[in-house]
Structures are given as C-alpha cells and as structure tokens.
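Visitor: What follows is a structure written as structure tokens; I'll ask about it next.
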Amino acid sequence: MTRPPQNVIAAAQNASLRLADRHTPLVMNEWYVAAFGAEIQRELLARTLLGKRLVFFRTTDHRVVALEDRCPHRSMPLSAGTLQEDTVVCGYHGFRFNSEGDCIEVPSQSSCPKNVGVKTYRTLERGPVVWIWMGEADQADVSKLPPQDWMEDDKWERSQGYLALQASYVRLHENLLDLTHLSFLHAKSFGTPDYAKAAFESEIGEGQFALVRQVVPTTLPPVWAIPTGLTGPGQAARMVRSEFRSLGLHEVSVTFYDCHLPEKDRPEFRIRTAHMPTPESATRTHYFIVHGRDFVQDDPATTRFMHDQLFVAFQEDVDGLALQEQALAATPPEELYEFSVSADAPAVAMRRYVLSRQQKEAQD
Amino acid sequence: MTRPPQNVIAAAQNASLRLADRHTPLVMNEWYVAAFGAEIQRELLARTLLGKRLVFFRTTDHRVVALEDRCPHRSMPLSAGTLQEDTVVCGYHGFRFNSEGDCIEVPSQSSCPKNVGVKTYRTLERGPVVWIWMGEADQADVSKLPPQDWMEDDKWERSQGYLALQASYVRLHENLLDLTHLSFLHAKSFGTPDYAKAAFESEIGEGQFALVRQVVPTTLPPVWAIPTGLTGPGQAARMVRSEFRSLGLHEVSVTFYDCHLPEKDRPEFRIRTAHMPTPESATRTHYFIVHGRDFVQDDPATTRFMHDQLFVAFQEDVDGLALQEQALAATPPEELYEFSVSADAPAVAMRRYVLSRQQKEAQD
Amino acid sequence: MTRPPQNVIAAAQNASLRLADRHTPLVMNEWYVAAFGAEIQRELLARTLLGKRLVFFRTTDHRVVALEDRCPHRSMPLSAGTLQEDTVVCGYHGFRFNSEGDCIEVPSQSSCPKNVGVKTYRTLERGPVVWIWMGEADQADVSKLPPQDWMEDDKWERSQGYLALQASYVRLHENLLDLTHLSFLHAKSFGTPDYAKAAFESEIGEGQFALVRQVVPTTLPPVWAIPTGLTGPGQAARMVRSEFRSLGLHEVSVTFYDCHLPEKDRPEFRIRTAHMPTPESATRTHYFIVHGRDFVQDDPATTRFMHDQLFVAFQEDVDGLALQEQALAATPPEELYEFSVSADAPAVAMRRYVLSRQQKEAQD
C-alpha cells in the first residue's frame, strides 16, 4: 500500500464528521475545574477558561469569587489591580467592584453609575478542587456535578498536580478512554506489555462511557508494586475501571490484589485518579489531576513516590497529545483522515456524545 | 449584578462606534516624530512608522533623509546596504540611490533605467526631534506642526527618552487626557491620592482637547518635591494643563509654587513634558518623550534624578496599556463594551476627533 | 523622484504576474533532495518537505524509506515511535507499519484491518544525497533527475553542508542565476569588484537557464587563490558557468587558470557546486550544498579551508534572502513592485518557467 484508496479515506472522513474534535466549539454548560482551592487565596489569580479571561480570589470569609477579568470602563484586566477586603480595585482608574461584580465606586466622581459591573461565575468548592459553571446561569445545577466523595474523604490519601496541555481536551478524554496505549506511550513508566492485549469490556451509555479491564495475572510496574508489596512476577491482579463521567471529569479506579491468595484472605489495594480537563481554548487544556489510595495511610514518602511516578506517566500523555495536536494542525483538512478499531469504541462514542452536547447547546 | 443588561451593553457598544480604537486605520496626514535627531547619524537606521518600513540617514551636510526601505529591484531592505557619501548602495546588487530617492547607478550595466527610485518622505528637525510627514506630500504644511518653542529654548533644561509601547497610540492619547489614573496606575510613582478626586476643567475644541487641574494644597511626590524644595506636607500648589495638540503630540505643563506664600513673593517652578506617540502599527507605538524644566539650571544630577523618576511612571503607563491592549485583543467583539464617566469627556472627544480625521482622510 | 509614476509601477506589477514568487503553489512533480544519505540511519528522522511531514529511515539492507509521518489511526507522528527491524511502531497505540507503508499489526486485536497504511514516497540515493519524488507516482521518472556524475566520482574531492533558508526557493534560484550580486552581497567573502561589471552571456532554453561569465584577468579571492596557487594580482582567469538544471538543482562550474601562461602549458583547476533547494513551505527552504574540486586531492586541510570559506559566503545569501523575504512579507500587495534589468534576464526566464510548471501541474 501507499495511501489507502480514496473511497476508504472518504468513508473515514465521513465517519469523523460525527465526532467532536479540535474544531468543535466548546461546551459551556458543564461543571469544569477552575483551580485547586489551594491556588485561590487572598491574591488576585488570572486564568483563562473556555476562552474567557477570569480573575479569582477568596473573600475574607473564605468563599471563592470568580469575575470577568476586564474592567468595563477601559478594559484593564482586574487581575492587574488590588484586592481590598472583599472588593477588587482596578489598577488603572480605581473603579471598585464587590464580590457580586457590581461597580460600587468611581473615584473621580461622588456617585457610581448604575448598571456597571462585571460578570460573575458560580463556583463550587469540593475537596481539593473548585468547580465553575460558565454556561447559562439558570442551568447551573449542582446535581450535574458527578459526585466524587473519595476526594473529600480522609480515608483516601491524596496528592494533586497540574499539567498544561497543548492539545484539545477532546483528545485527552479520548486518551483516557483508551488504555491500549499504556503498553506503548507508557512503556517506560506504568505500562506493561500485556496491557494492550488484555481483554476488556466497554460500557457505553448516555453520556457515560467506561472501559473495564482485568489483567490477571500480571506483573505490576514499580509505581504499584512497591506500595502494595505485590512485587512478584505474575503475582498481581490489576482490575481497572476507567470512566468518562462528564466533560470535566474522567475517573480511573483500580483494585490490586495477590491473585495467588484465596479471595477471602487477600487484602485489596485501591487507587483512584480524577483526571479533570478544562479547556483553555480549543487546543489548549488545563489538566488537573487528583490521585488517591486507600492503603499505606499517613506515609508522605509513599505519597511522594507514587505522585512522582504517576506524573512521569501523565507527562508522557501530555507530550504525546501535543505531538498529535501538531500533526492534526499541520495536515490539510482534505488530507486528514483517521481509522478506528474495536478498542476505540468507547472513545468514539464519547466523541459522538461531546459533539451532540455542543450541537444541542448551539440550538438552545 | 453579574453582567449589565443587554440593552445597556448595546448602548455602550453603539457609543463606542463613534470613537477611534485599535481597529481605526491610521491617520497619515499628520506630523509624527520619526526619531530623536541624535539617533540619525552617518549610519543607516531602519524604522517602521505607520506600517511602512523606512530607512534614515544624515547627509554630509547634516540633513535628515527618509527613504522607503525596499530596493525596487529585488526588495532587499536598503538599510542592509551601505551609506556612501549622500547615497545608499543596496547590499544585494549594488543599485545606488541618492538622497532624493533616485536610482543613479546599476553596476551591471552602463546606464541606469529611468523612473526607478524609492519614495522619500519630508522631515523637519526641530530641537531634539525629527518630525516626518507620511501622508499626501502636497498637504505637508509646516504650519500643521504645533509649535514647541520650549524644546528649542536653552532656558529649559531637557532630557529625553523612548519607550516601545505594545498598544494603540489612541489609547496612549486617552491615557494622557485622563489624569484620574495618576492615583492608581501611578500610586507608587508620581500619583497622590488626592489627584483622582481633584476638581478639573475640560477644554474641548476642534482638534484641541485639554484638562486643567489645580491641586491646592497638596503634598508633592519626590520627583517634584525634591528639585523644587516644596517638600512639606500640604505645602504645594500643583497647577496642571494636559493638552492634546495633534495626533503626534500631547503636552503636559505643570506649575508648582508654595501655596503658603503670598502670590507676589513666591517663586514658580515650571515643567513641561512633550509626549509624542508615533504608530508603528495599529497596536504598536513608538513613544518619544522630551521633558523640560525652567529651574535648577545646569545641574545634571537633578536632570538625571527627575528623568529616572519620570520614566518609572511612564513605564507604568506602557505596562498598563499593554495589559489593556491584550484584554482588548482577547475579547470577542460581541462581548466587548466600555462605559465612560464624566472624567472621560476630553478623551472621548479626542477619540471622536481621531475617528473623524481618519474618515475624512478615507474620503479624500 | 520620490516614488515612480503609477503607470510605471503598474507595468512592473503586471510583468511580475508572469513570474513565480512566494505565492506560487509548490511544484510537486520534480526530484528534490530529501536529505544527505548520511543523515538517514537506523533512527527515525522527521522532516517536512513541500509542506508534507515525512519520516525517513534506512532498512536493515540499507535502503532509504520515506513514509507519511502521521499514523492513520490517531494522527501521532510516526517519527515519535520506534524503528524495529524494517518496521515502524507508532508510539501511541503500537500500530506497526512495514517499509511499504502497510499497517501489519494492531496490538489490541488479533487481526489488522485492510486498507490501512501510510503513503510512501519514492527515493533515489545518488552519491551523497537522497532524492525524493513527492508528486504523482506514475511520473516519477529517473530520467528527470539531472545527472550529476561528478558527485559520485572519486576524482572529485567533496564536502557538503546544509543551511536552513527562511525564504522561498524561487528567490534562491533567482540568486543563483544572478551573479552580479557577488560584488555586493559577497563583498567580504568571495566577491570581487570586477565581477558585477564583467561581461556575461545568458543561455535561455526550455527549462534550462545558464549564465556564462569569463572574468579575465582577475585577482582571485583567498578561497580560490590559495588552493590553486593563483595568488598574484590579475594573474587568474575565472570561467564560470552557473546553470539551473531543475527546480531541485542548480550547478555552478568554475575553471581557473593562470592567464599569463600559454594555453597548452597551463594547468586548469575546476570546482563544482551543486546547490539543491527543497521547499519546506512556500517561504522556507532546505538548502543542501555539495562542493567538489578536481585538484589538490586527498588533502583534508584544503577541503576544510574551502568549505569554511564557501559557507561564509552561502550564509551571506541565506541572511540576505531572509531579509528580502521579510521585506516582501511586510509590503502590502498593492505597494509591491520590482523592476528588472538586463542582468536579470536568465532569472526572469527561470521564474517564468517555474510558474508555467506550476500552472501546468494545476491543470493536470
């Protein structure tokens, strides 16, 4: 072969038209992570989310405030101003805004004009993260935030980190719903050769997509083998559930145990990872990650070891997806096509769902 | 409030349509500063003004020459060539141009084709600066250059400087016609808290816009207090006139005196600052500044002290305007709006005038 | 003069419409140099040629393979994967491709889908360089590659080098077909003042363009004087033939001899330079150079001396053409015009031919 026949390419291109990609407008009506709570303190924090420039701060009573980061007088970023009590003072002409976004002082005159203010955004602080709703305010339903109780439960030892991804959040979700790449992209970190070939089941529902994979027996990579003690060759079971829970959250749950011990006697070791991508733009993504385990409690050295090992792997994703994005950007539309295989079914369904969400939003 | 009601935003957007901004084409028929005279010597100097690439040099009899910086043979920048007597020799094939822009030699042949040359621009050297006219040559009237006699008068001790502004010259003029920002943007340099709240008068004429502000009594910031000796709290009067004199020149005149002395006995201290913005492009500006004082003559240390203090403040403008420009560029047009307040009246009138100048030029 | 009259400019602009320039689409049906053979080893090499991203490797039996550098599964660059024997394994999901571009393994499933593969490109290794054909495969005729036997002949001592040119390959060909610039652009390297004024003959044929110039007597610059021993003032003849042989190859042949010796007694010294530009894009060019001489054999010090001296001069071209390209990019189309003189005749004919090649290709 050189290039596939044109009719085969045309069919592949046609199938891709039903999938969200880097050209799909962002879906606004969703809870996305804005920041780790620890990032938002008594200083102004500027961050661009879903193409909009925002400024964050924490009030004197510890609430998180998210405002449009542009003074409506002369467009100075409010984040270049100062935080005074629970108000933001613009650094250019001193217009003052309260935490509801209302302009409450114009220094050059005795009264403040009516109807001047900046947009505010609803936030929810849950465990270590701050979620934000940037879509229609009347749709900002807390029930749309997938519960992540373990992130607020002290039984789970946690660590967290942030990666700046130079790629579309759609492709990150695709990556997370496809675990056959572990054996290749992560060959030097937490992938093992048997992973790509292990049997898996897909769960494809309405807006819920999951991969379930049981690699038994297997040899664990150091990141899991050392903390669990399951260091022997072929000693471990690795039971993985990887689930798209919303556009802003993908959760990976893994249970490890010694597959040579009888079920009733064996301890189980559980880890969870919340992957929380928030689009900065169509092709740049804030990638927030919280990782937890329910074993080896109160051991900072183990936490550090696992965190460092994991972030080597997540950086491989970030580097790989950036290369993929570059190739996508460099390929003329008429020459671009992608083929899918069986293992892509959950990711393909997810991308179809993301596109339908955007199309529905555009109609409303 | 979150965001102002849509009808309020629409009204603000509608009002802005009458004001020059970053999208307004540049006004060509005006005298702008091309360079400080000291920059133009017996070397080729390349500079882009009003979107056009120019090359400058000084002739053997000290005249300033401004030529189009592109050889009409094969588009090499002439500034990459050499200056030989009063001619420029292109560095690629050696085509030679005289100071009138005529091609007078083609080395590969014995005669030079007719009608080959580059555009020349009229310049006027006045005191420390070189003005240039880049519009219609037949409109290059010297009387259109606002007189700045003090810049050529030895009674005034002067210093000068250049800042590269990553913003529209319109916004710099707006900044200069609005002094309420001194208390905020310049809180750490020459602004004082009473400045924003001081009463002011506006003068709004045809193409002439001024702010007059008398801050009496006031406490001077060090840049003025130390050279004048008016260091006491509430000791000084600060009488400011800030005037848009052309698209290429804004002049600030300030008189200081001891407000506790009777009028007939008190010495007056005067400073002048010529702010001379020249668009490089719609959103980049060459910012030339000349500052003068009529007191403490022949004292380089005082000159240096005042210059350094002032340029800290002017750099605050440049930094702030760049942030403003970034916010303007990042805001989708349909989401952009700005409200004005009373103190903005002179700047708003000026921006309306700039737009009318551009519209008139487009019609001619 | 200031600017030439508008009718003169319009005539110049009109004449330029018939010449290839930075806006002319690239000509695909041609042999271009892809790489020096020494660059392609048992590692994956990524390179963009004619706007297309390719990956190169050498098989276990030393053949050069050129593949499209994008996995058709999920667009990862194959160059980020691994070379295993004569196959490339994608670094994302492990899809494996053979040297014909066929996908032969998908790790997540037992069989490989049909009709999945990447485009391959035909290459020809000749002496130190690898040529590639990126146009229509059925037109990839070896006879279209201009013979360069000297590049494979041990009688010629050779050196080679690569320069990254930030300009159109059309302007590099123009530069190579115009030697009047030697006296100016190369005034400090191998140009001499008499060069621009020396008589020359042009040969303008169908797709073959040459300049023949005999500079007799002349004083050689050090790069030629030292190796030939023709160091005396006015001692040398410098007989130059500079020929466009294809869009991918320009050859310069020079013969030197002592012009004071009778013809039958004098030794002749010959050098050849193959200038091989390959467009990376419309305004970036891979510039491959091979230089050879038929005298002072087996003397690495002389090879090094000549190579270093020559590459100083070629870098002058690269620097000058980048400045020219910047000026072309910065000039609005309606203000751009270029005049040609007699010495430009071969280059103008060549640019007309390049445009006709592109137009013909667009019709086919």
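The values are calculated or read from the model by the stated rules, or taken from the named source; none is laboratory data. Here the structure is a predicted model, which means the values were calculated and not measured. Note that we place each Cβ from the backbone using ideal geometry, even for glycine, and neighbour counts take in every protein chain shown.
Visitor: If you take the residues of the stretch B:290-312 that are β-branched (V, I, T) and in a helix (DSSP H, G or I), which of them is farthest from B:Y257 (Cα to Cα)?
Guide: Among those residues, the one meeting the criterion is B:V312.
Visitor: Considering only residues that are surrounded by 18 or more Cβ atoms within 10 Å (Cβ to Cβ) and not in a strand (DSSP E or B), which ones fall in the stretch A:115-126?
Guide: The answer is A:V116, A:V118, A:K119.
Visitor: Right, another one. Looking at the stretch C:58-91, which of its residues are touching a residue at least 40 places away in the same chain (Cβ under 8 Å) and not charged (D, E, K, R)?
Guide: Passing the criteria: C:T59, C:V64, C:V65, C:A66, C:L67, C:C71, C:P72, C:H73, C:L78, C:L83, C:V88.
Visitor: Sticking with this one: Taking the stretch B:79-114 only, how many residues are surrounded by 17 or more Cβ atoms within 10 Å (Cβ to Cβ), of a type in the set (S, T, N, Q) and within 7 Å of chain C (Cβ to nearest Cβ)?
Guide: Total meeting the criteria: 1.
Visitor: Follow-up question, since we're still on this one. Read through the list (1) under 19 Å from the mean Cα position of the chain (by Cα); (2) over 23 Å from B:P332 (Cα atoms); (3) modelled with pLDDT of 95 or more, then give the number of the only condition that A:V88 fails.
Guide: (1)
Visitor: Picking from C:F269, C:F256, C:F209, which residue would you name as being of a type in the set (A, V, I, L, M, F, W, C) and more than 17 Å from C:F190 (Cα to Cα)?
Guide: C:F209
Visitor: Now a separate question. Do the conditions hold for B:G135, that is, is it surrounded by fewer than 23 Cβ atoms within 10 Å (Cβ to Cβ) and in contact with an Asp or Glu (Cβ under 9 Å, 6 or more places away or on another chain)?
Guide: Taking the combined requirement at face value, the residue satisfies it.
Visitor: Next question. If I filter the stretch B:281-290 for residues that are in contact with an Asp or Glu (Cβ under 7 Å, 6 or more places away or on another chain) and within 14 Å of chain A (Cβ to nearest Cβ), do I get at least one hit?
Guide: Checking the stretch B:281-290: at least one residue is in contact with an Asp or Glu (Cβ under 7 Å, 6 or more places away or on another chain) and within 14 Å of chain A (Cβ to nearest Cβ).
Visitor: Additional query: Among the listed residues C:D294, C:D319, which satisfies the condition of being surrounded by fewer than 18 Cβ atoms within 10 Å (Cβ to Cβ) and within 17 Å of the chain's Cα centre (by Cα)?
Guide: Going through C:D294, C:D319 in turn, the sole match is C:D319.
Visitor: It is to be established whether one or more residues within the stretch C:127-135 are free of Cβ contacts under 8 Å to residues at least 40 places away in the same chain and either of a type outside the set (S, T, N, Q) or assigned to a loop (DSSP other than H, G, I, E, B) (or both).
Guide: No: the stretch C:127-135 contains no residue that is free of Cβ contacts under 8 Å to residues at least 40 places away in the same chain and either of a type outside the set (S, T, N, Q) or assigned to a loop (DSSP other than H, G, I, E, B) (or both).
Visitor: Then there is this: Does the stretch A:239-253 hold any residues that are over 9 Å from the mean Cα position of the chain (by Cα) and among the aliphatic types (A, V, I, L, M), and which are they?
Guide: Result: A:M239, A:V240, A:V252.
Visitor: Return the pair list, or none, for Cβ contacts closer than 8 Å from residues in the stretch C:149-165 that are among the charged types (D, E, K, R) to residues that are part of a strand (DSSP E or B), at least 6 apart or on different chains.
Guide: Hits for this filter: C:E152/C:R126; C:E157/C:G292; C:E157/C:R293; C:R158/C:V290; C:R158/C:H291; C:R158/C:G292.
Visitor: Assess whether B:G229 counts as being out of contact with any Lys or Arg (no Cβ under 8 Å at 6 or more places or on another chain) and surrounded by 22 or more Cβ atoms within 10 Å (Cβ to Cβ).
Guide: no
Visitor: Counting only residues that are more than 15 Å from B:V252 (Cβ to Cβ) and surrounded by 21 or more Cβ atoms within 10 Å (Cβ to Cβ), which one in the stretch B:146-184 is modelled with the lowest pLDDT?
Guide: That would be B:F184.
Visitor: Ok, one more. Could you tell me which of the residues C:P193, C:P221 is surrounded by fewer than 16 Cβ atoms within 10 Å (Cβ to Cβ) and either aromatic (F, W, Y) or within 21 Å of C:G320 (Cβ to Cβ) (or both)?
Guide: Every option except C:P193 fails the conditions.
Visitor: Would you pick out the residues in the stretch A:282-325 that are farther than 29 Å from A:R126 by Cβ and without any contact (Cβ under 8 Å) to a residue 12 or more places away in the chain?
Guide: Residues satisfying the conditions are A:D319, A:L323.
Visitor: Kindly indicate the residue of the stretch B:196-215 that is in a loop (DSSP other than H, G, I, E, B) and farther than 15 Å from B:V252 by Cα and also modelled with the lowest pLDDT among those meeting that condition.
Guide: B:A196
Visitor: If I ask for residues that are more than 13 Å from every other protein chain (Cβ to nearest Cβ) and among the basic types (K, R), which ones from the stretch B:47-68 would you list?
Guide: Within the stretch B:47-68, B:R58, B:R63 meet the criteria.
Visitor: Within the stretch C:69-78, can one find any residue that is more than 14 Å from chain B (Cβ to nearest Cβ), part of a loop (DSSP other than H, G, I, E, B), over 23 Å from C:V116 (Cβ atoms) and out of contact with any helix residue (DSSP H, G or I) (no Cβ under 6 Å at 6 or more places or on another chain)?
Guide: Checking the stretch C:69-78: not a single residue is more than 14 Å from chain B (Cβ to nearest Cβ), part of a loop (DSSP other than H, G, I, E, B), over 23 Å from C:V116 (Cβ atoms) and out of contact with any helix residue (DSSP H, G or I) (no Cβ under 6 Å at 6 or more places or on another chain).
Visitor: Among (1) of a type in the set (F, W, Y); (2) within 11 Å of chain A (Cβ to nearest Cβ); (3) under 21 Å from B:P279 (Cβ atoms), where does B:Y337 come up short?
Guide: Checking B:Y337 against (1) of a type in the set (F, W, Y); (2) within 11 Å of chain A (Cβ to nearest Cβ); (3) under 21 Å from B:P279 (Cβ atoms), the one that fails is (3).
Visitor: Next up: Could you say which residue among C:D69, C:D21 is crowded, with 18+ Cβ neighbours inside 10 Å, farther than 27 Å from A:S342 by Cβ, of a type in the set (D, E) and touching a Ser or Thr at 6+ places or on another chain (Cβ under 9 Å)?
Guide: C:D21
Visitor: Test each condition in (1) under 30 Å from A:R351 (Cβ atoms); (2) surrounded by 17 or more Cβ atoms within 10 Å (Cβ to Cβ) for A:S281 and report the one that comes out false.
Guide: Among (1) under 30 Å from A:R351 (Cβ atoms); (2) surrounded by 17 or more Cβ atoms within 10 Å (Cβ to Cβ), A:S281 violates only (2).
Visitor: Please go through the stretch A:297-334 and pick out each residue that is more than 9 Å from every other protein chain (Cβ to nearest Cβ) and of a type in the set (V, I, T).
Guide: A:T302, A:T303, A:V312, A:V318
Visitor: Return the residues of the stretch B:239-258 that are more than 30 Å from B:M134 (Cα to Cα) and either surrounded by fewer than 19 Cβ atoms within 10 Å (Cβ to Cβ) or modelled with pLDDT under 95 (or both); say none if nothing qualifies.
Guide: Selection gives B:M239, B:V240, B:V254, B:T255.
Visitor: Also: When you scan the stretch A:314-343, how many residues do you find that are at pLDDT 95 or above and part of a helix (DSSP H, G or I)?
Guide: 17
To keep it simple, each residue is scored yes or no on (1) touching a Phe, Trp or Tyr at 6+ places or on another chain (Cβ under 7 Å); (2) assigned to a loop (DSSP other than H, G, I, E, B).
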{"site": "B:S143", "(1), (2)": "no, no"}
{"site": "B:W150", "(1), (2)": "yes, no"}
{"site": "B:A167", "(1), (2)": "no, yes"}
{"site": "B:V170", "(1), (2)": "no, no"}
{"site": "B:A187", "(1), (2)": "no, yes"}
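Visitor: Let me ask something else. Can you tell me how many residues within the stretch C:17-46 are in a loop (DSSP other than H, G, I, E, B) and either within 14 Å of another protein chain (Cβ to nearest Cβ) or within 17 Å of the chain's Cα centre (by Cα) (or both)?
Guide: 12
Visitor: Okay, next question. Those residues that are without any contact (Cβ under 8 Å) to a residue 40 or more places away in the chain, within 12 Å of chain C (Cβ to nearest Cβ) and in contact with a strand residue (DSSP E or B) (Cβ under 8 Å, 6 or more places away or on another chain), I need them from the stretch A:169-226; list them, please.
Guide: Scanning the stretch A:169-226 gives A:F184, A:D194, A:Y195, A:A198, A:A199, A:R213.
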